[in-house]
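Working notes for the structure below.
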Amino acid sequence: MADIAIRNVVKRYGDTQVIHGISIDIAAGELIVIVGPSGCGKSTLLRMVAGLEVITEGEISIGGRVVNRLEPKDRNIAMVFQNYALYPHMSVFDNMAYGLKIAGRPKGEINERVQKAARMLELSELLDRRPRQLSGGQRQRVAMGRAIVRNPAVFLFDEPLSNLDAKLRVQMRLEIKQLQRSLATTSLYVTHDQVEAMTLADRLVVMNQGVAEQIDTPLEIYERPASTFVASFIGSPSMNFLPGEVDGDGTSIALAQGPRLRAMGQALGQHGGRSITLGVRPEHLAMVPEGEEDFHLQVGVVETLGADILVHGKLVEAGAAARQAKGEGGSGIIAARLPGSARVLEGERLPLKVASGLLHLFDPESGKRLVEV
Amino acid sequence: MVENRPWLTVLQHFVLLCGVALVLFPLWIAFVASTHEGRALVAGVIPLLPGDQMVENYRTILTAGMQGAGGASVGTMLLNSLIMALSIAVGKIAISLLSAFAVVYFRFPFRMLCFWIIFSTLMLPVEVRILPTFEVVANLGMLNSYAGLSIPLIASATATFLFRQFFLTVPDELAEAARMDGAGPFRFFKDILVPLSRTNIAAIFVIMFIYGWNQYLWPLLVTTDESFYTIVMGIQRMVTVADSYPRWHHAMATAVMALLPPTLVVLIMQRLFVKGLVETEK
Amino acid sequence: MHKKVTFGGFAFPLVLLLPQLAITFVFFLWPAAQALYQSVLRQDAFGLRTTFVGLDNFARLLNDPSYLASFKVTLVFSTSVTLTGLAVALLLACMADRVIKGSGAYKTLLIIPYAVAPAVAGVLWYFLFNPSIGILAYLVRGLGYNWNHQISGTDAMILVVIASVWKQISYNFLFFLAGLQAIPKSLIEAAAIDGAGPWKRFTSIIFPLLSPTTFFLLVVNVVYAFFETFGVIHATTSGGPGQATTILVYKVFTDGFVALNLGSSAAQSVILMLIVVLLTAVQFRYIERRVQY
C-alpha cells in the first residue's frame, strides 16, 4: 500500500504535447479511475506511472519516493494489460511465477505465493494450462493473478475489461472491486467506459485532450460536472445542452428555441442577463399534464429499453408551432428518459417539465460550469 | 466449388495427374536405373520397372564411390553435405535471430545503416561475386574446410527479414509485461521471444537446410580435396564419367541419394515449410 | 515498422548484430568491392603486372561477340524458363485450388522438386534425354526427330529449360496456390451468380486479382533463371555445345576460373550485380506498393 503523487506531469512526443500538466494525489488504498475518450492521454498517463513511458516534465512519486528514473520493476507496481499480455508459451503457473523467478525468489516461496493467488482467483485447477486453452474471463484472472503474486504497492489497470463480452465485463468488474477492497492496494484504473468508471471508482479523473477536466467522487461528478465535456461524457444518454439567456432578475431562463424556464429552487441572480448553455439530464425530464409543462417535445424516435423509454425529439415552445432555431440557437434536439410505463407515440407533442433544482449552467464560451449561489 | 460440373472435375484431376506424372517421372526413372546392372542401361532403351541390383548398387556407391570418378565415396559426400547444410541452417538461424532482435527491439545510432548493410546481401548472390569471394576464402585459409563451405553462406537477409517481420507482430504488451516482471533484454529474448518463434525457426530451418544441401557452385569452388566434396557437386563428376563408361546405374543411385534427404525433410515438415516459404516473401 | 517498446543501450544491440555484420562485410561487401576494383584493372598473361585500364574491360566485353552471344542466350533461356514455369504452375494451382478431394496429396507430390538441387534436376533430365539410352530421346526419335543435345544447340537449350522449369514448378505452384486461396470465395460466387462461367471468372476476376503474386513470381523466376540455374547447366551441357547454353553466370565462372581472365570476369560480375540491383529495386517497389493495401 502506498500513496501516489502525480505533479504537473507533461508528456511530449517531439513537438506534439499529449499531456498538458496533470496533478493528482492518490491516497493509499484508493481506487482511482481515469476515464476519457480514446486519444485523451489516459493510457499515456498510466504508462508513465508504470515506467513504460518517459516523463517529459513533472514528477511522479510512489510511496513518497520519486520514480521518474526508476525501471518499472523497481517501482513496486504491477500492471494488468488490455490484451492481458500473457506469455502464450508458458503455463498459467509460469506466467504468474515469471516475475518472481527473475527476482530470484526461492522455489518454495514462489510456489506458495502462486498457489495463494490462484486460490483467491479460483485458478487452482488451471495452473497447468496454457493461455490458449483458457476462456476470456479466465485469462483476465490470470493477468490479475500475475499482478497479485508480486504483492505490489500499486496496481495499474489498462482497460482490463474491454476484451470481454458485456455479461462477463459486469461480473469481472465486481470481482476486481472486491479484490481491490480486500487487498486494499492503491490502484489506478484506466477505462473509456463510463459505467465501469462510475461503479469502480473511489474517485474519478475525467480526462480530455491531455487535461484532467475534473477529479472527484463519481457522485459529485454526476451531480456537479465541471464542464460541458464532463457533463456529456458521464451519464447516458448524454446531458442535453440548450443555449439560452438568464433573465435580469435571475428567476427564469429564456431558451433560444423560444420556451422560458422558471428556475425552481436555484437562485441565478448572480448570472442575470448573461448568455449561458443550459444543461439538463434526460432522466431529469418528466412528463406532466398539459398546462404544467416547461416546453413541448415534438417526438421523433422512441427507444424502448424495458424499465425506461428514451424519447428523442425537437424542443418546441408550449402551444406554438415548432419554429426555426434562431442564429446559434443549436438544434434543439433533446432526449428524455421516461418510465417504461409511459405510452409515447412518434409524432406526438409531449408536455415536459424539468425536475426542480437540477439545471446545470455552463459558460457558452469556455464550457465551464457557472458557480451556483 | 461454385457449381457442379462433373466434366470440369474430371478435367481437373486429369491435369493434376499429368502434373504429378511430370514431377515424378524423372524421379522414378532415376530410381529404376539405380536398381539395374550397368549393362542393362547400355543397350537400347532402359527398363521402366525396378531391377534386382538395388542393394548391391547402393552398397557399392555408399562405401566405395564410383569407379573412375574420384575416390570419395557417396557416404563421405553425404556426410559432408549434411555437415554443410546443418551448419548453414543453424548458423543462419542463430545470427538472424540475434540481428533481427537488435533491429526490431533497440533504438540506436546507425540502426538503419546496419539494416541496409544486411539487406545488401540480397543483391549480392554468390554467383555474381565468384572470384573475389573465392580469393577472400583462399586468403583466410578456408579452402577445403567445413568453415569455408558454410560460413560465407551464413549471412542471410531472408532469414533476418522473416524474423523481423515476425517480431513486429509480437504484441508490444508482451515486452512491456516482461519489463514489469523485471526481465532485461537478453532475458526477454531467451525466455519469451525465442520460444514464441519456434514455428518460424522450424520453417526457416527447412528452407535453409535445403538451401545449404543444394549448394553447387560454392563447394565446387572451395573444395579441391575430395574428402570435402559434397554430394550435389560430386554428382557432376559421375555424370561426366558415366557417359564414357557404362556407369549410369551408379550415377543414378548417387542422384537418388543426393535428393532423398532434402526431399524427406520437405515432406516431413511440409506444413511448416510451406507456411514459412510463402510468408518469407510477403 | 517501429516498436512502441524498445530497450535502451548502444553496445548490446551492436554485439547482437556483430556476427551478421562481420560475415556480410567479409564475404559480401568486400568481395563486391574487389569485383568493382578489379573490373578496372587488367593483368598480363603471366599475372605479373597489373595495370589500370578504366572502363576498357567493359568496352571490350560489349564488343566481344561471345559475350553478346551469351547475353542473347541468357535472354532466351530466362524468358523460356520464366514463362513456361509460370504457365504450368498457374494451370496446376488453379486446378488444385478447385479440387476438394485429394488436393492435399497433389500438393504434397507437387512440392517434391523444390527439394531437388538444380544440378541434380539437370542430371535427371540429362539422363532421360541421353541420346543413346534416354527414354525420352528414344520417344522423340520415334516421332521422327533425331534428338541429340550434344550436337544440337537448340536441343541443349530445350533440355536445360525443361530441367530448370521442372525444379521451379513447386515454388511457383505454392505461391500461386496461396494467392488463389487468398481470393475471397464470395467474389467468385458473386461472379457465378452474375452468370460468369469458369473461364470467364478466371479471366475477369481470378487472374487480375492474382496479378501481385504473378508479378512477384515473375521477378523471382527471372532471378532464378539468371543465377541459380548455374548447377543445371554446369552439371549437364557445360555451356555447350559451342556456346549454345552459356548463360552470363556460367561465363563469369569459365572466364574467371577456367580462362583466368580476372579483369573480364570482374567486369562481368559488376554487370551482373547491376542486373540484380535492378531486379531487387523492382521487387522492392512492388513490396512497398503492396504494403499499402
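For chain C, what % of the accessible area comes from carbon and sulfur atoms, probe 1.4 Å? Ligands and nucleic acids excluded, carbon and sulfur reach 68 percent.
Nearest 500 deg cm²/dmol is fine: what mean residue ellipticity at 222 nm does chain B get from its DSSP H runs of n ≥ 4 alone, each adding -39,500 (n - 2.57), divided by its residue count? Don't skip to the answer; put the middle values down first.
On the way: 14 runs with 190 residues, N = 282.
Dividing the helical sum by the residues of chain B leaves -21500 deg cm²/dmol.
For the pairs C:Lys107/C:Lys167; A:Lys11/B:Lys190; C:Lys107/C:Lys200, flag any whose C-alpha to C-alpha distance is greater than 23 Å. Those over the limit are A:Lys11/B:Lys190; C:Lys107/C:Lys200. Taking C:Phe25, C:Phe127, C:Phe71 as the candidate residues, the one with maximal mean-square fluctuation in a Gaussian network model of chain C, Cα springs under 10 Å, is C:Phe25. For a paramagnetic label modelled at 7 Å from the Cα of C:Phe284 toward its Cβ, which residues of the stretch B:129-154 fall within the zone defined by backbone nitrogen distances under 20 Å? Residues passing the 20 Å test: B:129. Using only side-chain charges placed at the Cβ, +1 for Lys and Arg and -1 for Asp and Glu, the dipole size of chain B relative to its Cα centre rounds to 360 debye.
For chain C, what does -39500 (n - 2.57) per DSSP helix run (n ≥ 4), summed and divided by total residues, give at 222 nm, in deg cm²/dmol to the nearest 500?
The helix contribution divided over chain C gives -20500 deg cm²/dmol.
Ligands, DNA and RNA left out, the accessible area of chain B computed with a 1.4 Å probe is 68% carbon and sulfur. Picking from A:Gln214, A:Val299, C:Ala69, whose Cα lies most toward the positive end of the charge dipole for the protein assembly as shown (charges on Cβ: Lys, Arg +1; Asp, Glu -1)? It is C:Ala69, whose Cα lies furthest towards the positive end. The contact between chain B and chain A removes approximately 1800 Å² from the accessible area (both sides summed; 1.4 Å probe; ligands, DNA and RNA excluded).
Helix screen, chain C: DSSP H segments with Cα axial length of 27 Å or more and mean Kyte-Doolittle hydropathy at least 0.0 are C:65-98, C:153-181, C:262-291. In this structure the amide hydrogen of A:Met207, modeled in the peptide plane, comes within under 5 Å of the amide hydrogens of A:Val35, A:Gly36, A:Glu213, none closer than 5 places in sequence on its chain. When the square roots of the Cα gyration tensor eigenvalues are ordered a ≥ b ≥ c, the ratio a/c for chain C is 1.5 or more and a/b does not exceed b/c, which makes its shape oblate. Counting Cβ atoms of other protein chains within 10 Å of each residue's Cβ and taking the mean over peptide A:71-80 gives 3.
Relative to the longest principal axis of the Cα atoms of chain A, the long axis of helix A:92-102 lies at roughly 70 degrees. Between the stretch C:157-181 and the stretch B:74-134, the alpha-carbon centres lie 26 Å apart. Here C:Ala87 and A:Val66 are evaluated by their C-beta separation; at R0 = 56 Å the FRET efficiency comes out at 0.20.
Here the spin labels are modelled as points 7 Å beyond Cα on the Cα-Cβ line, and at A:Arg129 and B:Ala147 they lie 5.3 nm apart.
Chains C and B together bury some 9900 Å² of accessible area, summed over both sides, with a 1.4 Å probe. Considering only B:Leu122, A:Asn151, A:Ser341, and ranking their Cα positions along the charge dipole of the protein assembly as shown that arises from unit charges at the beta-carbon of Lys, Arg, Asp and Glu, the one farthest toward the positive end is B:Leu122.
Relative to the longest principal axis of the Cα atoms of chain B, the long axis of helix B:270-280 lies at roughly 60 degrees.
Work out the FRET efficiency for A:Glu57 and C:Ala182 from their Cβ-Cβ distance, taking R0 = 51 Å, and round it to the nearest 0.05. Between A:Glu57 and C:Ala182 the formula returns 0.55. Express in whole angstrom the spacing between the alpha-carbon centres of the stretch C:92-107 and the stretch B:146-173. The two parts, judged by their Cα centres, are 32 Å apart. Report the net charge of residues surrounding A:Pro160, where surrounding means a beta-carbon distance below 15 angstrom and charges are Lys +1, Arg +1, Asp -1, Glu -1. Local net charge: 0. Measuring only protein heavy atoms, the 1.4 Å probe finds A:Tyr222 accessible over about 50 Å².
Can you tell me how much longer the chain between C:Thr154 and C:Phe10 gets when fully stretched, taken as 0.36 nm per residue apart minus their C-alpha distance, in nm with one decimal?
Full-extension gain reported as 46.0 nm.
Working from label points 7 Å from Cα in the Cα-to-Cβ sense, the A:Arg7 to B:Arg198 distance is 5.0 nm. The residue list B:Trp248, B:Ile83, B:Gln165 was ranked by how far each Cα lies along the charge dipole of chain B toward its positive end, using unit charges on Cβ atoms, and B:Gln165 comes out on top. In chain A, helical runs assigned H by DSSP with n ≥ 4 each contribute -39500 (n - 2.57); averaged across all residues and rounded to the nearest 500, the mean residue ellipticity at 222 nm is -7000 deg cm²/dmol. Once the Cβ-Cβ distance of C:Leu139 and B:Leu11 is raised to the sixth power relative to R0 = 30 Å, the FRET efficiency obtained is 0.75.
The values are calculated or read from the model by the stated rules, or taken from the named source; none is laboratory data. Note that this is a predicted model, so its numbers are computed, not measured. Positions of Cβ are generated from backbone atoms using ideal geometry, with glycine treated the same way; all protein chains shown enter the neighbour counts. All accessible areas refer to the heavy atoms of the entire protein, side chains included, with ligands and DNA or RNA removed. Shrake-Rupley method; radii C 1.70, N 1.55, O 1.52, S 1.80 Å.
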